[in-house]
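I have placed the structure first, in the form of structure tokens, so that the comments after it can refer back to it.
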Amino acid sequence: MRHRTIPETADRSNSIPTLYVHGWGAGARSTNSMIHYAEQYNDAKKVLTATISPEGKVSFSGYWPASAKRPLIQVISVDNKYYNYKVTQKWFGNVLKKLQKDYHIKRYNTVSHSMGNLTTMYYQVTNGQNKQLPALQKQINIAGHFDGIVGIDDKPNQNLLQKNGEPKIQDSNFKYLNSHRQGYPKKQVDVLNIFGNLQDGSNSDGDVTVVSAKSLKYLLRDRYKDYQELEISGKKGQHSQLHENTRVDRAIGKFLWEK
């Protein structure tokens, strides 16, 4: 049986869909529980799955009823280990362009985990000022490695945030985003930055240090409309456990729909 899909003439321009973007090597499983929680407790509804092919082509499956007050869209990359963010940001842009074409959306939110954060951030600094494209309203970042990953280009307790919030050591992604930050939409986006701290002495979630995650605030200085942080401490603050955490789920719901 084929999925029902609304015809391309469907107008959902009054809706603000929330797009869930997974991380490296992941897929539906890493955002399923967050979506299920929102459906169960926040009167939200998953309406579409947006699948991105290894060539960056987007296909939709699902059904988006006009009655869905808080529509959720799960974004799945088939090539889930590809991390050239200048390319993956274009893939993400293809999702938005298709949503704009098929459903006439004007605004949207994002919930990103791990590598998904870099994809969406690269997209924002590249396209955030383009008024012809849908406008980001709320951005939730979970376990974002904005300035390095432990074991690759970062080490526990190696880096620090200076008095002005700028990290002392900066990796190539941080430098790129910082040098292109003027492309990020100005005073438009509310940001919630969620990160973990295992409290094991590493000051990290096992993969991303607190410094790397918190460097987002410096990147978005003078750009965000509102900025909040939430640190999850202990075992439930582990990198992959963050998207399986009811405290995170509650924070997402409150931030997106109760503010």
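The values are calculated or read from the model by the stated rules, or taken from the named source; none is laboratory data. As the structure is a prediction and not an experimental result, all values here were calculated from the model. Positions of Cβ are backbone-derived with ideal geometry, glycine not excepted, and every protein chain shown enters the neighbour counts. Accessible surface areas use protein heavy atoms only, side chains included; no ligands, DNA or RNA. Shrake-Rupley method; radii C 1.70, N 1.55, O 1.52, S 1.80 Å.
Overview of values
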{"item": "Residue tally, condition buried (at least 16 other Cβ atoms within 10 Å of the Cβ) and either at pLDDT below 95 or not charged (D, E, K, R) (or both), over segment 67-82", "result": "10"}
{"item": "Single unsatisfied condition, residue 243 versus (1) assigned to a helix (DSSP H, G or I); (2) over 19 Å from the mean Cα position of the chain (by Cα)", "result": "(2)"}
{"item": "Residues within segment 30-51 that are within 12 Å of residue 17 (Cα to Cα) and either open to solvent by 30 Å² or more (accessible area, probe 1.4 Å) or in contact (Cβ under 8 Å) with a residue 60 or more places away in the chain (or both), tallied", "result": "3"}
{"item": "Some residue of segment 224-237 being in a helix (DSSP H, G or I) and in contact with a Lys or Arg (Cβ under 7 Å, 6 or more places away or on another chain)", "result": "no"}
{"item": "Filter pass, residue 199 being of a type in the set (S, T, N, Q), out of contact with any helix residue (DSSP H, G or I) (no Cβ under 8 Å at 6 or more places or on another chain) and assigned to a loop (DSSP other than H, G, I, E, B)", "result": "no"}
{"item": "Total residues in segment 171-187, condition surrounded by 16 or more Cβ atoms within 10 Å (Cβ to Cβ) and in a loop (DSSP other than H, G, I, E, B)", "result": "4"}
{"item": "Search result, residues across segment 224-242 that are open to solvent by 10 Å² or more (accessible area, probe 1.4 Å) and within 17 Å of residue 191 (Cα to Cα)", "result": "224, 225, 226, 227, 228, 229, 230, 231"}
{"item": "Candidates 67, 59 - the one that is assigned to a strand (DSSP E or B), small (Gly, Ala, Ser), without any contact (Cβ under 8 Å) to a residue 24 or more places away in the chain and out of contact with any His (no Cβ under 8 Å at 6 or more places or on another chain)", "result": "59"}
{"item": "The one condition in (1) under 25 Å from residue 250 (Cα atoms); (2) open to solvent by 10 Å² or more (accessible area, probe 1.4 Å) that residue 144 fails to fulfil", "result": "(2)"}
{"item": "Condition broken by residue 120, with the remaining ones in (1) among the polar types (S, T, N, Q); (2) open to solvent by less than 10 Å² (accessible area, probe 1.4 Å); (3) in a strand (DSSP E or B) satisfied", "result": "(3)"}
